[in-house]
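To start, the structure under review is shown below, and the notes come after it.
The values are calculated or read from the model by the stated rules, or taken from the named source; none is laboratory data. All of these numbers come straight from a predicted model, not from anything done at the bench. As a convention, Cβ positions derive from the backbone with ideal geometry for all residues, glycine included, and neighbour counts pool all protein chains shown. Side chains included, ligands, DNA and RNA excluded: accessible areas come from the protein's heavy atoms. Shrake-Rupley method; radii C 1.70, N 1.55, O 1.52, S 1.80 Å.
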Amino acid sequence: MQDTAHASTPSGNAVPRDIAIDTTGMSEGKRRALEQAETAREKAELPSFAAGLFNGRFDYDVIRPFPAPAEDPRGEAFLRSLSEFAAKEVDGDAIDRAEEIPDSVIEGLRALGAFGIKIPRDFGGLGLRQTEYTRAAMILGSVCASTTALVSAHQSIGVPTPLKLFGTPEQKARFLPRLARGELSAFALTEDDAGSDPARLATRADPTPDGKGYLVNGRKLWCTNGARAKLLVVIAKTPPVVKDGRSRDQISAFIVEADSPGLRIAHTSRFMGHRALANVVLELKDVFVPKENLLGGEGRGLKIALTTLNTGRLTLPAAAVGASKRCLAITREWASTREQWGAAVGKHAAVADRIGRMAADVFAMEAMTLLTSGLVDRGGTDIRVEAAMCKMWGTETAWRIVNDAVQVRGGRGYETESSLRDRGDVPTPLERLLRDARITTIFEGSSEILRLFLAREALDPHLRVAGGALDKRLPAGTRAAVAARSAVHYGLRYPGWLLSVGGPGGPGALGGHLAWAKRCAKRLTRKLLHAMLRHGTSLEGEQVLLGRLMDAGTELFAMAAACSWAEHLRTPEAEVLADRFCREAKVRIDRSFRGLAVNEDDSIRALAADVLAGRFRDLERVR
Ligand SMILES: Cc1cc2nc3c(=O)[nH]c(=O)nc-3n(C[C@H](O)[C@H](O)[C@H](O)COP(=O)(O)OP(=O)(O)OC[C@H]3O[C@@H](n4cnc5c(N)ncnc54)[C@H](O)[C@@H]3O)c2cc1C
């Protein structure tokens, strides 16, 4: 199949080689953002179970048997020590109130090696795997969100991961031992005008005339760990290069010493939750960074940030698992003992409904996160889609779980932990957990951005086959030829996507669910193709419709993960939980599909446009 991104437009302008999406007709800002994202996008070279769901495949054998790595005694010993330390020394309530993590906690974590979990032993780290790292995040996530963020901003997005992936041997030798010893690091990408859209970055790194390095100028917003870090990853623009006849912005990544002259903390930010983040606004004024500290070469910065997040993104759903398990325990204890209206509150159907769902969702959330972590450790598969699904679904579900837990615990759910303790009641931290959970669907890739990411990956194989037929940048003849070839391609495959034979199944309820899921992947693919045909190049703007398809795909992945996890655990309880989860997921998937045909998307979007234009300003007036 022709690589559609290689041709010339009728006007003779070269079509950027790495942009598979037709950006003609887009606003300048949108075009730049999209081109930046496309350039930084990793091309799928390895198979992915979850990406295959959007291409008619349900390759259950990729995830069965469950990819649990062999037990590592060193890893188990570390996790045991971390659990004991977290239970005894990490007081989430006190940290929340003081808005500061005590030095004793940081020292204790340092002594355990918790700041070098995945740093190779050769460099002084623990050299453990993604699975142990994920489990560490689950442990910390169940006690204190700020402490989890301290460890993860350093390791998931801070210096160690990009350094391991993209650093030169000299850079690794220079920095990894410092990081393994517990020198903290942070990640500075966001700016006032650049949140989800890094194309808007304003921080500049200009090469010095003597060629020895760069002078960095700019302002970075919301840098977690910024007040404690000794080393920072700073993302900045280096001079543009001309590529395919067009000037292209270059986004680069640097390792910056926090005590560099010209770098100062301009503000300490405070938030609704995560109150002890040491999160700051950084100002960089002519900060000299030696060229030896450039990571991965000029123009690789966004790719580095995105690649770092592939696995980095697993920390938040892992922490969400920890917090959700805590919610489940609190809810169970309360709902089984608190009597109102003649019965334990958990026996009233409206409350029972929340509890049942909570248990099923916790099971699936843990399954997805451990499964994806296990795939990372096993290697050989592309886990970007799985990790994005874990983050999006896990954080959204955890938010619902903690909200339900607050509801079930009634007024005590809304009362602070210390207030409950002071008046002699059971000191549960739901009020804090709710505040802490709220940001998790926003940072490290908001849910909206992750759905766009998933949609881009889901569409990729189809764009490769049929995208050229819709690309107005290509000559009419080329488009017609691509259309003819894609008709043959889909003509051969479509009948198979209509058949509902076979399944990875096996006996019992889970076998039935898996057979259903296999058929459903075909249905999902058909629906994606129909959407492509119906909306053509404007599909990219149909975020709500694409969101339904991405939600359905994510639920399918969750079903598969839950079944594989249950098969691995081999307990009747696991089977019940996986079964209940799958039943609910099927209802949600059907709802998503129904929403594709019956919805009020257009009228709601038109209403939003009127709201934004100020037509209903009177509605905002309190009468
Ligand atoms: C507590 C906290 C800690 C943080 N830590 C760090 C850190 O350590 N390092 C760092 O660099 N940054 C950090 N951030 C920044 C965080 O990653 C950003 O908040 C996040 O990227 C979103 O950017 P924004 O807040 O500017 O929202 P915006 O990008 O302005 O978005 C606003 C809303 O619009 C939605 N939206 C935006 N674009 C689209 C689109 N194309 N389609 C659909 N919806 C869209 C978003 O999802 C969001 O709901 C932190 C933020 C907070 C609050």
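Tabulated data for the structure shown
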item	result
Additional length obtainable on full extension of the chain from Leu492 to Asp353, 0.36 nm per residue less Cα span	45.5 nm
Solvent-accessible area per residue for the stretch 313-441 (1.4 angstrom probe, square angstrom)	38 Å²
Accessible carbon and sulfur surface of the chain relative to its total accessible area, %, 1.4 Å	55 percent
Glu107-Asp244 FRET efficiency (beta carbon distance; Förster radius 51 Å; 0.05 resolution)	0.45
Mean separation of Cα contacts under 8 Å (6+ apart) over length of the chain, as relative contact order %	17 percent
Sorted peptide list for 322-333, 391-402, criterion being average Cβ within 10 angstrom, highest first	391-402, 322-333
Cβ crowding within 10 Å averaged over residues, with 600-609, 163-172 ranked highest first	163-172, 600-609
Arg583 versus Glu71: modelled label distance in nm, points set 7 Å from Cα along the beta carbon direction	3.3 nm
Rg in Å to one decimal, and Dmax rounded to a whole Å, for the chain via C-alpha atoms	25.2, 82
Under 17 Å between alpha carbons - lysine pairs in the stretch 185-309 that sit 8 or more apart or on different chains	7
Probe 1.4 Å, protein heavy atoms only - accessible area per residue of the stretch 185-309 in square angstrom	42 Å²
Cβ-Cβ FRET estimate between Glu170 and His267, R0 fixed at 41 Å, reported to 0.05	0.75
All-pairs alpha carbon distance profile, the stretch 185-309, 10 Å steps from 0, percent	14, 46, 32, 7, 1
Coordinate range along principal axes, alpha carbons of the stretch 313-441, Å, largest first	55, 30, 19
For peptides 127-135, 207-215, sequence by mean Cβ density within 10 Å, most packed first	127-135, 207-215
Estimated inter-spin distance, Ala343 and Arg181, nm [label 7 Å along Cα→Cβ]	6.3 nm
Accessible surface ranking that places the most exposed of Met26, Met559 first, with a 1.4 angstrom probe	Met26, Met559
Distance in nm between pseudo-label sites at Ala484 and Leu533 (7 Å out along the Cβ direction from Cα)	2.0 nm
Fully extended contour minus Cα-Cα distance, from Glu28 to Arg64, at 0.36 nm per residue	8.4 nm
Euclidean distance between Cα centres, the stretch 91-149 to the stretch 299-369, Å	20 Å
